[in-house]
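The values are calculated or read from the model by the stated rules, or taken from the named source; none is laboratory data. Every value quoted in this text rests on a predicted model; they were computed, and no experiment measured them. Virtual Cβ from ideal backbone geometry, glycine too; neighbours counted across all protein chains shown.
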Amino acid sequence: MSSKKSDNKDLTIHFMPYSEIEKENSSNRIKKILGIILQNKIIVLQGRLRYEEETRLIEDTMALIGNVPGFRGIEIAEISSGENGGLFDLMKHNIVKILVGERDAMTVIGPANLVKEIKRNPKKIELMLKRK
Amino acid sequence: MVIKIIRAFTKRIFNSIFSKKDQIKLGFYGPPNAGKTSLANKICQDWVGEDLGSVSKVPHETREIQFKEKVTIEKNGKKLELKLIDTPGIATKVDFEDFLKFGLKRKEAQARAKEATHGIIESIKWLDDMDAVVVVLDSSLNPYSQVNVTIVGNLVARKIPVLIVGNKIDLKKSDLKKLSEAFPEYAVVGISARTGDNMEEFYEALFKLVKKVK
């Protein structure tokens, strides 16, 4: 794991390799992610969460809004190499998925009070930050 | 007595496996302000003559699950009995300050935000109870938002048949082609719940969707 940090007023990006959550169950994965988000850091995760984990993340996020001062939710976007390709690309993507699991993707998650918007399209993710 | 009980039990098991559902539970899912309630209202107006819920330009107008039982749709001599389930829009953030821009007072905005967060949790909890789902998206917005992908992905993972509706085709910015490209594996129908454009095609797609219900 590598992370860039100076003082609390600066933007901190937490780079998280898939190995950091690989052996965790869904609850611990979500707990770990939200723990970092509540420290006002942006996470760049190697890989992706499962769909049911994404909904669990949304549920837990909603439960925190109103209970954690200043917390307004999260912005999240995920991009993977096999999206919207042709049939061959899809087959290739599925084979890679079997071999390396959910690693063949990248997910960006940030606190909504810091991240204004994450624009996503099949080829890129753009992170818009709020001006302080 | 014992034979009667066994017979009733066998009948119940047999019916649950082989008989078709009397009423299909049709959910309306999507992000806030996509037009889920507007579409549910349009269907109710077309077949029952009354609305299901209120609509507003302020996001998160629907903050509780709303139902309309026994909505019967007829097309080409075929009948479909539905229980319409309108759900609060799913979002990853709820900021009460966003509601202030619509003229709400601070306390009202905070209360609305609190109800909205509860509504989102309810929507997610209800996913498992649906027989089929219409995912309503605003066709004038970027379809690649993670919430859209998460909703559709969850429904597919739960093996719930999905129909994607691109609402607001009456708007200049509407881009149905982009929406179809974002979800190439699913049927996408463009409509305007406000003007009623293309509702016939929607009803046809609805009959096809319901055929996939097990």
Kindly list the number of the only condition in (1) closer than 23 Å to residue B:119 by Cβ; (2) modelled with pLDDT under 90; (3) exposed (fewer than 15 other Cβ atoms within 10 Å of the Cβ) that fails for residue A:66.
(3)
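In the range B:156-190, how many residues are among the hydroxyl-bearing types (Ser, Thr, Tyr) and away from chain A (no Cβ under 14 Å)?
Within the range B:156-190, the first condition is being among the hydroxyl-bearing types (Ser, Thr, Tyr), and the residues that meet it are B:174, B:180, B:186.
Filter once more, so that each one left must be away from chain A (no Cβ under 14 Å): B:174.
Total satisfying the criteria: 1.
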The range A:57-73: number of residues that are touching a residue at least 40 places away in the same chain (Cβ under 8 Å) and facing chain B (nearest Cβ under 7 Å):
1
Of the residues B:120, B:169, B:160, only one is assigned to a loop (DSSP other than H, G, I, E, B), under 14 Å from the mean Cα position of the chain (by Cα) and not aromatic (Phe, Trp, Tyr); which?
B:160
Among the residues of the range A:105-119 satisfying the criterion of being hydrophobic (A, V, I, L, M, F, W, C), facing chain B (nearest Cβ under 10 Å) and not in a loop (DSSP other than H, G, I, E, B), which is farthest from residue A:79 (Cα to Cα)?
A:115
Being in contact (Cβ under 8 Å) with a residue 12 or more places away in the chain and in contact with a helix residue (DSSP H, G or I) (Cβ under 6 Å, 6 or more places away or on another chain) is the filter here, so list the residues in the range B:93-107 that pass it.
B:94, B:96, B:99
Report yes if some residue within the range A:34-56 is without any contact (Cβ under 8 Å) to a residue 12 or more places away in the chain, more than 7 Å from every other protein chain (Cβ to nearest Cβ), among the small types (Gly, Ala, Ser) and surrounded by fewer than 22 Cβ atoms within 10 Å (Cβ to Cβ); otherwise report no.
yes
Out of the range B:123-142, which residues are part of a loop (DSSP other than H, G, I, E, B) and within 14 Å of the chain's Cα centre (by Cα)?
B:130, B:131
Matching entry among B:191, B:120 (being of a type outside the set (Asp, Glu), touching a Phe, Trp or Tyr at 6+ places or on another chain (Cβ under 9 Å) and touching a residue at least 12 places away in the same chain (Cβ under 8 Å)):
B:191
Can you confirm whether the range B:36-58 contains a residue that is in contact with a His (Cβ under 7 Å, 6 or more places away or on another chain) and at pLDDT 95 or above?
no
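Given the criteria outside any helix (DSSP H, G or I), away from chain A (no Cβ under 14 Å) and modelled with pLDDT of 95 or more, does residue B:90 qualify? Spell out the reasoning first.
Working: outside any helix (DSSP H, G or I): yes; away from chain A (no Cβ under 14 Å): no; modelled with pLDDT of 95 or more: yes.
It is false that residue B:90 is outside any helix (DSSP H, G or I), away from chain A (no Cβ under 14 Å) and modelled with pLDDT of 95 or more.
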Restricting attention to the range B:139-188, which residues are touching a residue at least 60 places away in the same chain (Cβ under 8 Å) and among the basic types (Lys, Arg)?
B:168
Of the residues in the range B:155-204, those that are surrounded by fewer than 14 Cβ atoms within 10 Å (Cβ to Cβ), of a type in the set (A, V, I, L, M, F, W, C) and over 26 Å from residue A:79 (Cβ atoms) number 0
If we keep just the residues of the range B:95-141 that are touching a Ser or Thr at 6+ places or on another chain (Cβ under 7 Å) and among the hydrophobic types (A, V, I, L, M, F, W, C), which is farthest from the other protein chains (Cβ to nearest Cβ)?
B:126
